[in-house]
Amino acid sequence: MVTRMKILIVEDDLEAAAYLAKAFREAGIVSDHASDGESGLFMASENAYDVLVVDRMLPRRDGLSLITELRRRDIHTPVLILSALGQVDDRVTGLRAGGDDYLPKPYAFNELLARVEVLGRRKGAPEQDMVYRVGDLELDRLAHSVRRQGKEIPLQPREFRLLEYLMKNAGQVVTRTMLLENVWDYHFDPQTNVIDVHVSRLRSKIEKDFDMPLLRTVRGAGYMIKDDHRTET
Amino acid sequence: MSKLRVLFRTTAVRLSALYLVLFSLCAVFLVFYVTGMSERLLEQQTRDAIAGEVSQIEAVYERAGMNGLLRSLERRARQPGANLYVIAGPSGEILAGNVAGLQPGLLDDEGWKSEPFRYRRFTDESRGESHVALAQVLLLDNGLRILVGHDLQEPEKFRALVRQALVVALGVMGLGALVIWFGIGRNALKRIDRMSEASTKIMAGDLSQRLPMSGSGDEFDRLSESLNAMLGRIEKLNEGLRQVSDNIAHDLKTPLTRLRNKAEAALSGNEDRGQSGALEEIIAESDQLIRTFNALLMISRVEAGSAVAEMSDVDLSQIVADCVELYEPAAEDKTLRLEADIMPGVVISGNRELIGQALGNLIDNAIKYAEGATNPLIRVAMTKSGNEAVLTVADHGPGIPEDMYREVLKRFVRLDESRSKPGTGLGLSLVEAVMEMHRGSLTLAATEPNSGDGKGLTVRMVFPARAT
């Protein structure tokens, strides 16, 4: 059994914080809550958390200055910034302040959960792995090649990056916006199902001639690549 | 005379008044300096002449005695323009010479008379007039006194002339300055009055007013021009704001009503797909609303120009290629062919995210509306000509009637009355705002204007590019 992920929610809206705590608990994540910037900073400095979820506008110390101060104290817990400001430049200032991810309000909880899990990095492949493996699927990051059951699968460069991101976060849900952000480096809303079409193309390439499906669609959330035969350790 | 007071308050008049005073002071100083110098020179010359004559007379007296001296003085006094000569007794009574009367006591001491003094000539006696002269007195050993002097009428005349010239010149300067003040000041005042008149109207709410321009291109015109440009921008922003608030009221009511109806139906159990299905639909509906709000905020943000700070050199060719690559499978999914013809390495100053979104909106529109068209080709082309990067997205869908080109750029305007296609009605508005932010232009045209149906739509965007 993996130790449970522990996160800190710094949010001044008590109702929203209570809802988040409950939803995270149902997803198997333990959370603490701080309702202003100063106590958030104190708790984040004193305790070890896997991820901090920080609202941008907080009483006593705003979210960005909290993050800057944490980084100054050499604390590098991953931070996800929640903000009602969702424009391009707000995201840029948020990430410049030392945040690791940025989610504009209002958001779907599934989106937040997926991002927190990816930031917590309890699943998926270690960063330094040069070869990602999921079941019989193998992706070589150096050789830029993909094999399944030893058979080479030719992929377009973008399809390769898509698969690489999915396999890096194997066993975790990745949302469509996460894919657009990490594979295409765009943060806008593409309106139509452009990502879905890319994923289904990729899926047909890696699953067409094989029995075992690997790439699953998680309803209402996104996608997950996972080897169903192996039990989770 | 409040008008005169106002006139005097203009900068031009104040400045010219200041200059007038300064120049007058300089002129007065200069005139006094020059006349003072020349007077001193003249006096020196006079003194030299007198001193010379005195020493000659002394020499004559020593050589020829009293008789010779008298003869010599007689001769000298008769010359035209002669100096003044007086021979006087020891008590000062005039014995001979060409002077009728002197200031009393003048002959008491030998040497220079330090001050110019008054005297009378023989010719003056009838008129009682007196003259001013400079003189030296010589004391002879027999007790007689001899005065040699020079009339100072000429320097006096000179001084009077200079004073007169000074008065006339100052008068002319003052008069000229008054005329110029009046001209410049009144002209400036008139134009400023017209400008403030226009601004009063603008303040009263008529943002379509513009400041008057004379067409001369002077500083007033330049000021009016930049103020007018500012007003144009304000008017546009204001108009946008009003349009947004109007349209938000109209267009957000519909989805909110739908949302409410669905929630109501789910609550009363009248939903065929069961409660969770209804809730899913409600979430989808709210997502669409959020999307609309985000798009609205983004447009106003872009229009307000706050994203301009995030502009940098971006590879437009790469952005276009990425976008085409992103949408290509979606197009193929709808049996459309997305084709790209991109000139590589075109760099512009811009915001990658916003250009990507704008182009994404256009390709998305093309895919949405060209679905099922006879010609399935959607062509994205980018070339560079001169200092412009030209990006076009051309489809062969139903197109847009020519008279609606301006209309569809407005917020929430959708030609698709039935709202059968998903969308916010904000896509093209955002494209327009993004193009404006990049100082580019956006034009709509038919792809095949002569085709019967399916004229198609070609959207052309022109960006200012780096000269290569």
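Data for the structure
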| item | result |
| --- | --- |
| Residue count, the range A:181-224 (criterion: among the aliphatic types (A, V, I, L, M), out of contact with any Gly (no Cβ under 9 Å at 6 or more places or on another chain) and at the interface with chain B (Cβ under 8 Å from one of its Cβ atoms)) | 1 |
| Residue list for the range B:290-332, filter: of a type in the set (S, T, Y) and outside any helix (DSSP H, G or I) | B:S312 |
| Tally, over the range B:260-300, of residues that are hydrophobic (A, V, I, L, M, F, W, C), within 14 Å of chain A (Cβ to nearest Cβ) and touching a helix residue (DSSP H, G or I) at 6+ places or on another chain (Cβ under 9 Å) | 8 |
| Total residues in the range B:133-157, condition part of a loop (DSSP other than H, G, I, E, B) and more than 28 Å from B:G65 (Cα to Cα) | 1 |
| Residue count, the range A:40-72 (criterion: without any contact (Cβ under 8 Å) to a residue 24 or more places away in the chain and either surrounded by 15 or more Cβ atoms within 10 Å (Cβ to Cβ) or under 21 Å from the mean Cα position of the chain (by Cα) (or both)) | 0 |
| Pair list, Cβ under 9 Å, 6 or more apart: the range A:9-32 residue closer than 19 Å to A:G63 by Cβ, other residue in a helix (DSSP H, G or I) and polar (S, T, N, Q) | A:V10/A:S39 |
| Answer from B:E58, B:E62 - the residue that is in contact with a strand residue (DSSP E or B) (Cβ under 9 Å, 6 or more places away or on another chain) and assigned to a helix (DSSP H, G or I) | B:E58 |
| Out of B:A389, B:A394, B:A358, sole residue that is among the aliphatic types (A, V, I, L, M), closer than 14 Å to B:V431 by Cβ and touching a residue at least 60 places away in the same chain (Cβ under 8 Å) | B:A358 |
| Hey, A:V197 within 23 Å of A:L214 (Cα to Cα) and part of a helix (DSSP H, G or I) or not | yes |
| Residues of the range B:363-377 satisfying the condition of being in contact with a strand residue (DSSP E or B) (Cβ under 7 Å, 6 or more places away or on another chain) and under 15 Å from B:L444 (Cα atoms) | B:I363, B:A366 |
| Residues of the range B:5-38 classified as loosely packed, with under 11 Cβ neighbours inside 10 Å and at pLDDT below 80, total | 2 |
| Unmet criterion (only one of (1) surrounded by 15 or more Cβ atoms within 10 Å (Cβ to Cβ); (2) free of Cβ contacts under 8 Å to residues at least 24 places away in the same chain) for B:V168 | (1) |
| Condition check for B:G397: surrounded by 22 or more Cβ atoms within 10 Å (Cβ to Cβ), assigned to a loop (DSSP other than H, G, I, E, B) and over 43 Å from the mean Cα position of the chain (by Cα) | yes |
| Of the criteria (1) more than 11 Å from chain B (Cβ to nearest Cβ); (2) in a loop (DSSP other than H, G, I, E, B); (3) out of contact with any His (no Cβ under 9 Å at 6 or more places or on another chain); (4) under 24 Å from B:A330 (Cβ atoms), which one A:M167 fails | (2) |
| Test: residue in the range A:137-159 that is under 27 Å from B:E353 (Cβ atoms), without any contact (Cβ under 8 Å) to a residue 40 or more places away in the chain, within 14 Å of chain B (Cβ to nearest Cβ) and buried (at least 17 other Cβ atoms within 10 Å of the Cβ) | no |
| Odd one out for B:I363, checked against (1) of a type outside the set (D, E, K, R); (2) more than 11 Å from every other protein chain (Cβ to nearest Cβ); (3) within 19 Å of A:N193 (Cα to Cα) | (2) |
| Verdict on B:I355 being within 14 Å of chain A (Cβ to nearest Cβ), crowded, with 23+ Cβ neighbours inside 10 Å, over 46 Å from the mean Cα position of the chain (by Cα) and of a type in the set (A, V, I, L, M) | no |
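Yes/no per residue for (1) closer than 20 Å to B:I94 by Cβ; (2) without any contact (Cβ under 8 Å) to a residue 40 or more places away in the chain; (3) under 60 Å from the mean Cα position of the chain (by Cα):
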| residue | (1), (2), (3) |
| --- | --- |
| B:Q44 | no, yes, yes |
| B:S55 | no, yes, no |
| B:S72 | yes, yes, no |
| B:A77 | yes, yes, no |
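Every residue, every condition in (1) more than 60 Å from the chain's Cα centre (by Cα); (2) aliphatic (A, V, I, L, M); (3) in a helix (DSSP H, G or I), yes or no:
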residue: B:K253; (1), (2), (3): no, no, yes
residue: B:L256; (1), (2), (3): no, yes, yes
residue: B:S276; (1), (2), (3): yes, no, yes
residue: B:A284; (1), (2), (3): no, yes, yes
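The values are calculated or read from the model by the stated rules, or taken from the named source; none is laboratory data. Everything numeric in this text was worked out from a predicted model, so none of it was measured. Reconstructed Cβ throughout: ideal geometry from the backbone, glycine too, with neighbour counts over all protein chains shown.
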